[in-house]
Each structure stands twice: as C-alpha cells, then as structure tokens.
Amino acid sequence: MSRFLKFLLILAALAAIYLFIFYAPAQASFRYGAPAPHLSLGQRVLYAAKLNAYGDLLFAPLNANGAPQAFTLPSGEPAASTAQRLQEAGIIANAPAFLDYLIYSGLDRSMQAGEYTLSPALSSVEVARAMQDSTPSAATLVILPGWRMEEIAASLPTSGLSLDPAEFLSAASNPPPTLNLPPPALRMEGFLFPSKYVLPRETSLYQLLDVTARNFRQHISAEMQAGYDLRGLTLYQAVTLASLIEREAAQTDEMALIASVFYNRLAIGMTLGSDPTIQYALGYDALHQTWWKNPLSLADLKIDSPYNTYLYAGLPPAPIANPSLQALQAAAFPAESPYYYFQARCDASGYHNFAVTFEEHLANGCR
C-alpha cells in the first residue's frame, strides 16, 4: 500500500473519530440541550450518538389525541422501571429511547416522586420534563355541605391554593358588593356553594369568593325561587332555612320532611328548636376540637343569642352553614306532613322519628 493511500486512510479515520467525538455531541446538544455535567466524555459521545439515531422519535407524541391519565411515580423507583411503565401505560412510545434521554440530560436523577397527570399527546421530552415537578398546576378545593366558613378556611392549606385562612375569613366576612349576594347578606356564610373546585393555584381571594357565589346563583332555578316565593321566603331566608335543614339531616332523602317540620312550626309561630343553631352560636368547641359541639348541655340551650332557636321564634338572623343543592331544594319543595317534631332514631342509621305531638315526641326517645 502506498504511503499516500495510507495517509488517506489515516485521515479518513481521524475524520470519523472527529465526527463521532465532536459532531455527534454537538448535534445532540443542539437538539436536546447540553449533556449532564456528571457524564464522562465516553458517555456523552455514546448517548449523543443514540439520541441522534432516534431522529424525531423523542419529539413526536405517541397519540396527539390521547386523553390525560394519572401516573404515580413512587419514591426510589429506577428510571429504567419508570420508562417501562410509561410505555406500558401508553404514554410514551419507546422506553429505551426515553431512558437514554433521561440519562443524557441528567433528568433521571431529578425526577420527583408523586402523582402526575400525563398525556400521550406530550412528546417523550415533554413527559420527562413534566416529571421534574409533581406539584399540580391546579389546586382542588372541596367545600363539603354543611361546613361553616371557618371549616372552609381550615381546609385551604391542604387545597394547593396560596390563600391564608385568616385572610379568607376576613374577606368572606366583608365581601364586595360586586358578588351580588341576595340582600341583606353581609357575609359569605351560606353562599360558598358546596362543590369540588379545580382552580389555578394562583387564584386570588376575590376570585375564589366570586366563583363560589356564581356557582350558588347558577344552582338557584326559577322553579326553586318560585317555591320560596310561594312560602313567603326571600332567597336569603330560604338559604338560612336550608342551612338548618343541611345540619339536621344526615340522610338526603329526609330533607324535604325535615323542611316540612320547620315550615309547620313557622306557620304557628312556634320556635324551631334546632340544635345546630345553638352549636353555631357556641362556636368552636376546644374540648372536642369541632365547630359543632355534641351533645349540648341544658345550659347550652339557654345561651342568649339571636341564633338560639329555642329562645327566639322564627329563623335565625343569617345562615349557619353552607347548604347543598338538595337542602336548598328541600326548602323550596318541602314535603307535606302533620309533623312538628323529629329526633334521631336510636339505631345510628342517621334517620329520624317524626311526631305530631310532644307526647309522641317523648315516646320516640331512646331508652
């Protein structure tokens, strides 16, 4: 072999080595970003070459129309196992390619354990980057039926919303007139409509109050308003009555019957005698760590408060809780009954025994 030919061969080999060592990493760096700094030169070259060989695979979604799904990343799971599970779940197309990208970029070392919502409409690169932060982009606030404002405030720290409970209570106690609450409402109690709210994490106090108030309005149908009108109640009074029904009824299918008892009492000027109104007036029970003290003592029943429906006839001055749609409907469409009394059954079923006379009511007591 001539010296010239040997020179050409050496030159070609050097060119190939140059392309492999310098061009491949440069091309991968252009497409995928810089390699992880902890990789050796050999690893950088190897994984760069692999990524270049995949072409557009890692940038193409598996299914552009695919629906998001939940994916759990447990603490300490190897990246190879995660990649395989993602492929089996139908989120990515190629587990080995995904793993190579994770190692090349160093993202295999920074994936966070947690709950994710991932979609096959994301590319593999987007999935890998999404798994660097398990904090959801949206917060979920659940307002349970029958909660008072303080209970809602206490749930804020676990909702994902960046709202201070004390500031929430202050805002809910002095809502802006733009919320269009039914007069003479001065507070949000009763109008923080129970539901599951999925909101941006940066939702402000006003935005939260606004969305709950609008949700309340949207659930008051013309038929319900007609029902309140027929029974001589304003919307505000109806919400107040519904809050009593909500706190008294453990079973939804009894709400209309409980409403009938309250209406029957109101019709003859009889006190409503509702324990939840006493509980509301008493406030927080530190001993049992609840806003709804139970059982009540005889002294509790004598508390001098406008909310004490044992002492004062008619509705309390304001709602005592935030009622559900079912309670609001019961206030609009009560059952027809002869009953003036009810008390919880002794079988822990949550249902009540109803009575027409006080004597029957006493006979229904537990022995």
- Is one or more of the residues making up the range 128-140 touching a Lys or Arg at 6+ places or on another chain (Cβ under 6 Å) and charged (D, E, K, R)? no
- The one condition Ile92 fails out of (1) under 30 Å from Thr277 (Cα atoms); (2) β-branched (Val, Ile, Thr); (3) at pLDDT 95 or above is (1)
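So which helices (runs of 4 or more DSSP H) are wholly in the range 115-185 and hold at least 3 residues that are at pLDDT 95 or above and in the same structural domain as Tyr236 (by TED's automatic domain parsing)?
Values: elements: 124-130, 149-155, 165-173.
Helices (runs of 4 or more DSSP H) meeting the threshold: none at all.
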- Does the range 154-165 contain at least one residue that is buried (at least 20 other Cβ atoms within 10 Å of the Cβ), touching a helix residue (DSSP H, G or I) at 6+ places or on another chain (Cβ under 8 Å) and either under 30 Å from Arg85 (Cα atoms) or not hydrophobic (A, V, I, L, M, F, W, C) (or both)? no
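Answer yes or no as to whether Ser40 is farther than 28 Å from Ala138 by Cα and free of Cβ contacts under 8 Å to residues at least 60 places away in the same chain. Let's see the steps before the verdict.
Details: farther than 28 Å from Ala138 by Cα: yes; free of Cβ contacts under 8 Å to residues at least 60 places away in the same chain: yes.
Here the answer is yes, as Ser40 does meet what is asked.
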- Query: List, please: which pairs have Cβ atoms under 8 Å, are six or more places apart or on different chains, and start with a residue in the range 216-243 that is assigned by TED's automatic domain parsing to the domain that holds Pro306 and under 12 Å from Leu328 (Cα atoms) and end with one that is of a type in the set (Val, Ile, Thr) and outside any helix (DSSP H, G or I)?
  - Reply: Tyr228/Thr234; Leu235/Ile220; Thr240/Ile320; Ser243/Ile320
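The rows are residues; the columns are (1) closer than 18 Å to Thr135 by Cα; (2) crowded, with 19+ Cβ neighbours inside 10 Å; (3) touching a residue at least 60 places away in the same chain (Cβ under 8 Å); (4) basic (Lys, Arg).
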position: Gly55; (1), (2), (3), (4): no, no, no, no
position: Ala64; (1), (2), (3), (4): no, no, no, no
position: Pro68; (1), (2), (3), (4): yes, no, no, no
position: Phe71; (1), (2), (3), (4): yes, yes, no, no
position: Ser75; (1), (2), (3), (4): yes, no, no, no
position: Arg85; (1), (2), (3), (4): no, no, no, yes
position: Ala93; (1), (2), (3), (4): no, no, no, no
position: Phe98; (1), (2), (3), (4): no, yes, no, no
position: Gly106; (1), (2), (3), (4): no, no, yes, no
- Task: Determine whether the range 335-345 contains at least one residue that is of a type in the set (Lys, Arg), free of Cβ contacts under 8 Å to residues at least 60 places away in the same chain and either within 30 Å of Leu186 (Cβ to Cβ) or surrounded by 15 or more Cβ atoms within 10 Å (Cβ to Cβ) (or both).
- Result: no
- Select from the range 269-290 the residues that are part of a loop (DSSP other than H, G, I, E, B) and closer than 18 Å to Ile245 by Cβ and list them in ascending order. Met270, Thr271, Leu272, Gly273, Ser274
- Tyr263 being surrounded by fewer than 19 Cβ atoms within 10 Å (Cβ to Cβ) and in a helix (DSSP H, G or I): yes
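Looking at the range 295-338 only, could you name the residues that are hydroxyl-bearing (Ser, Thr, Tyr) and either over 25 Å from Lys196 (Cβ atoms) or outside any loop (DSSP other than H, G, I, E, B) (or both)? Give the derivation first.
Just the residues of the range 295-338 that are hydroxyl-bearing (Ser, Thr, Tyr), to begin with: 297, 305, 307, 309-310, 312, 324, 337.
Hits for the range 295-338 are Ser297, Ser305, Tyr307, Thr309, Tyr310, Tyr312, Ser337.
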- Please work out which residue is nearest to the chain's Cα centre (by Cα), limiting yourself to the range 267-295 and to residues that are surrounded by fewer than 16 Cβ atoms within 10 Å (Cβ to Cβ) and closer than 19 Å to Phe342 by Cα. Asn294
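For the range 212-223, which residues satisfy the criterion of being aliphatic (A, V, I, L, M), closer than 19 Å to Pro319 by Cα and part of a helix (DSSP H, G or I)? Can you show your working first?
So in the range 212-223, the residues aliphatic (A, V, I, L, M) come out as 213, 220, 222.
Adding the requirement that they be closer than 19 Å to Pro319 by Cα leaves 213, 220.
The one that is aliphatic (A, V, I, L, M), closer than 19 Å to Pro319 by Cα and part of a helix (DSSP H, G or I): Ala213.
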- Message: So in the range 339-367, with the set limited to residues that are assigned to a loop (DSSP other than H, G, I, E, B), out of contact with any Lys or Arg (no Cβ under 9 Å at 6 or more places or on another chain) and not aliphatic (A, V, I, L, M), which one is modelled with the lowest pLDDT?
- Response: Arg367
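Does Gly269 meet the test of being free of Cβ contacts under 8 Å to residues at least 60 places away in the same chain, assigned by TED's automatic domain parsing to the domain that holds Ala327, of a type in the set (Gly, Ala, Ser) and in contact with a Gly (Cβ under 9 Å, 6 or more places away or on another chain)?
Values: free of Cβ contacts under 8 Å to residues at least 60 places away in the same chain: yes; assigned by TED's automatic domain parsing to the domain that holds Ala327: yes; of a type in the set (Gly, Ala, Ser): yes; in contact with a Gly (Cβ under 9 Å, 6 or more places away or on another chain): yes.
Against the criterion (free of Cβ contacts under 8 Å to residues at least 60 places away in the same chain, assigned by TED's automatic domain parsing to the domain that holds Ala327, of a type in the set (Gly, Ala, Ser) and in contact with a Gly (Cβ under 9 Å, 6 or more places away or on another chain)), Gly269 qualifies.
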- Query: Among the residues of the range 145-168, which ones are farther than 23 Å from Ala327 by Cβ and of a type in the set (D, E, K, R)?
  - Reply: Asp164, Glu167
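Condition check ((1) surrounded by fewer than 21 Cβ atoms within 10 Å (Cβ to Cβ); (2) over 16 Å from Asn322 (Cα atoms); (3) among the charged types (D, E, K, R)) across all residues:
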residue: Ser170; (1), (2), (3): yes, yes, no
residue: His219; (1), (2), (3): yes, no, no
residue: Leu241; (1), (2), (3): no, no, no
residue: Thr252; (1), (2), (3): yes, no, no
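The values are calculated or read from the model by the stated rules, or taken from the named source; none is laboratory data. Remember, it's a predicted structure, so these values are computed and weren't measured experimentally. All Cβ positions, glycine included, derive from the backbone under ideal geometry; neighbour counts span all protein chains shown.
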